[in-house]
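What follows is a single structure, written as structure tokens, with notes after it.
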Amino acid sequence: AGGQDSRFLQLLEVFQPKRYPPIQPCGNLSSFPLQFHPSTKGSQIIMDLSQRTVKRQASFCNAITFSNRPIAVYEQVRLKITKKQCCWSGALRLGFTSKDPSRINPDSLPKYACPDLVSQSGFWAKALPEELSNEGNVISFWVDKKGRVFYRINNSNPMLFFSGVHVAEPVWALIDVYGLTRGVQLLDSEMVPLDCLRPRSYAATRRSSARRNSHDPRLTISLCDLSLQQQEMHSNSCHVPQNSQNSQQCLLLPGHLDTDLQFHTIHGLHVTALDKHTVARPDHRGDERTLVFTSRPMHCSEIVFVKVKAGVSRVGSLSYGVTSCDPATLRPSDLPSNPESLVDRKEFWAVCRVAVQLHSGDILSFVVNAEGELMMSHNGSSAGMALCVDNSRPLWMFYGLHGSITQLRILGSSLPLDHQGSSVPSSPSCTPNTPTTLCSRNSGSNLNTTLNISLNSNINPSSPFSSHPQSPTFPSSSSSWSDECTICYENMVDTVLYACGHMCLCYACGLKLKKMANACCPICRRTIKDIIKTYRST
């Protein structure tokens, strides 16, 4: 009986949750020394007896580590780089997790912190720029009470790293000894000194960093590592591990991503918001209403990065487009299963589908530039212009999840340096008083005329079924409506294209264009359903 009682007590100890000291308030350090977690670590990690130094024994990955205890707000986690190996690309990944490492099975750890681990709930991490990962450098990083993570090198000025960490619960440090970084030593932690709580101003620090990065081609890296230009530099100078999904995907993201862009609370009936940046849909097989919108209109030239998750049961794709319709004015029951039917509404809608089959982990980027061209890229490869749209008013992006696409996550957005700092557009997304060039490309195999059509900013191109349909006006030598057809340049424009509502053709050219295979509007590239001849009263 005594043996059974002893065994029962041992089982209780195994299943009883381990208690860790709670997260410390600002100004107090835990009495527990900061070390690496002794058991939860990547398969390639070798740790010394003091649990303060780790080394990756082989490969370039499988080297995720954690702290042995939660980290206090404003407590600096200090690391010294002890070993660098130049045969790889990419560097140290740093961050935090709200998951107790003692409850994580080491065998379940992925190869990479970015993007594999950070795609899971409760993990936040980002790549350190490669040029900062030299042997002997001391990297300090910490989280503030707002969930923002900062870092500095050798007591330099703090830099904003990323944000979004949930500090309402205990968080442990996350360190991925990746790529160029072969070994690190954990130094004694310290509280952030008072003079670093507001360094200059964090916004000014970010701006000066961006300016410095723009002049120094070596400093164009960060969030999971680098720009496409940097990818080309590494391909020439340093071997990039081809079997690393992380190194391939992280190169697709710019040095800084703003995270204020979220999904709108209004969405289709068959989609669920997992958090502000992630939506999911059940694996139905019938028609589904899965439209989702951005929470605000897009800035001019703002690049939006999204990541998809796809099943393997069937082929599917993603619809995307822009609309002048504020999602807040819609009801979920207004949203159809087929996004293309929205073009019949009175607001401006432009929609198309991703032409390639998508796989889990694919990263897509979308941007509407100053010329009104909606551009898309798939895993860093430009798909070119998908649509020409009227960007003289606020435009929301929207997406429709189809087939195998089960989740969509907004990773963030990026603005050119000359656009940063601008407020969310409550007025047109580009300069409203400037005529906008909408399209300059061939309209078809038999239409070799290059179109370059400028629309007035006060024009409201809409479906012919709007209550007050207005047609775009085209430049002419006189104020009267005497514009020439953009195909034949002989007859006057007298035809409306349905369903986009654009007027740019004469009736004869419109008939010829309609008979062509895959006939589409020369301006917005939307499919032509019909042509309507118009008549003037004078």
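Given a 1.4 angstrom probe, what's the average accessible area per residue across the range 36-194, in square angstrom?
Values: 5620 Å² over 159 residues.
Accessible area per residue: 35 Å².
The dipole here belongs to the range 481-537: it is taken about the Cα centre, uses +1 on the Cβ of Lys and Arg and -1 on the Cβ of Asp and Glu, and is about 320 debye.
Give the distance, in whole Å, between the Cα centre of the range 385-415 and the Cα centre of the range 325-382. Value for the Cα centre distance between the two parts: 4 Å. The local environment of Leu109, defined by Cβ-Cβ distances under 12 Å, has a net charge of 0 under the rule Lys, Arg +1 and Asp, Glu -1. Maximal additional length on extending the Ala355-Glu190 stretch stands at 54.2 nm, based on 0.36 nm per residue less the C-alpha distance. Taking amide H positions as modeled 1.01 Å from N, with prolines and chain starts lacking one, the residues under 5 Å from Gly412 and 5 or more places away or on another chain are Phe305. Annotation: amide H-H contacts under 5 Å for Ser404 (H modelled 1.01 Å from N, sequence separation of 5 or more, or interchain): Gly316, Ser317. Phi angles of the range 131-148 translate, via the Karplus equation with coefficients 6.51, -1.76, 1.60 and θ = phi - 60°, into HN-Hα couplings of 5, 9, 9, 7, 4, x, 5, 10, 9, 10, 9, 7, 10, 9, 5, 9, x, 8 Hz per residue; Gly and Pro are given as x. Summing charges over neighbours of Asn391, with a neighbour being any other residue whose Cβ is under 13 Å away from its Cβ, gives -3 when K and R count +1 and D and E count -1. A simple rule links phi to the HN-Hα coupling: the Karplus curve 6.51 cos²θ - 1.76 cosθ + 1.60 with θ = phi - 60°, which for the range 518-526 gives 6, 4, 9, 5, x, 8, 9, 6, 6 Hz, with x for Gly and Pro.
If you add up the charges near Arg56, with Lys and Arg at +1 and Asp and Glu at -1, over every other residue whose beta carbon is less than 15 angstrom from its beta carbon, what do you get? Local charge sum for Arg56: +4. Per-residue Karplus couplings for the range 383-393, computed as 6.51 cos²θ - 1.76 cosθ + 1.60 with θ equal to phi - 60°, are listed in order as 9, x, 7, 8, 8, 10, 10, 7, 9, 7, 8 Hz, Gly and Pro entered as x.
I'd like the carbon and sulfur percentage of the solvent accessible area for the range 36-194, probe radius 1.4 Å, heavy atoms only, ligands and nucleic acids excluded. The partial results should precede the final answer.
Numbers: 2660 of 5620 Å².
The C+S portion of the solvent-accessible surface of the range 36-194 is 47 percent.
For the range 36-194, place one equal point scatterer on every Cα, skip the solvent, and apply the Debye formula. What is log10 of I(q)/I(0) at q = 0.15 Å⁻¹? So the normalised log intensities work out to -0.71. In a simple Cβ point-charge model (Lys, Arg +1; Asp, Glu -1; nothing else charged), the range 257-414 has a dipole of about 420 debye relative to its Cα centre.
Could you give the length gained on full extension between Thr534 and Gln120, defined as 0.36 nm per residue of separation minus the Cα-Cα distance, in nm?
Values: separation 414, 0.36 × 414 = 149.04 nm, distance 5.62 nm.
My answer for the length gained is 143.4 nm.
Taking label points 7 Å from Cα along the Cα-to-Cβ direction, Asn157 and Lys83 give a separation of 3.6 nm. Scattering from the C-alpha atoms of the range 257-414 alone, worked out with Debye: what is log10 I(q)/I(0) at q = 0.17, 0.21 1/Å? Debye curve over Cα of the range 257-414, log10 I(q)/I(0) at q = 0.17, 0.21 Å⁻¹: -0.96, -1.59. Among the listed pairs Lys111/Lys309; Lys41/Lys307; Lys307/Lys515; Lys309/Lys346, those with a Cα-Cα distance over 29 Å are Lys307/Lys515; Lys309/Lys346.
The values are calculated or read from the model by the stated rules, or taken from the named source; none is laboratory data. No experiment lies behind these values; they were computed from the predicted model shown. Because the Cβ atoms are built from the backbone with ideal geometry, glycine has one as well, and the counts that use them run over all protein chains shown. Just the protein is used for accessible areas: all its heavy atoms, side chains included, with ligands, DNA and RNA removed. Shrake-Rupley method; radii C 1.70, N 1.55, O 1.52, S 1.80 Å.
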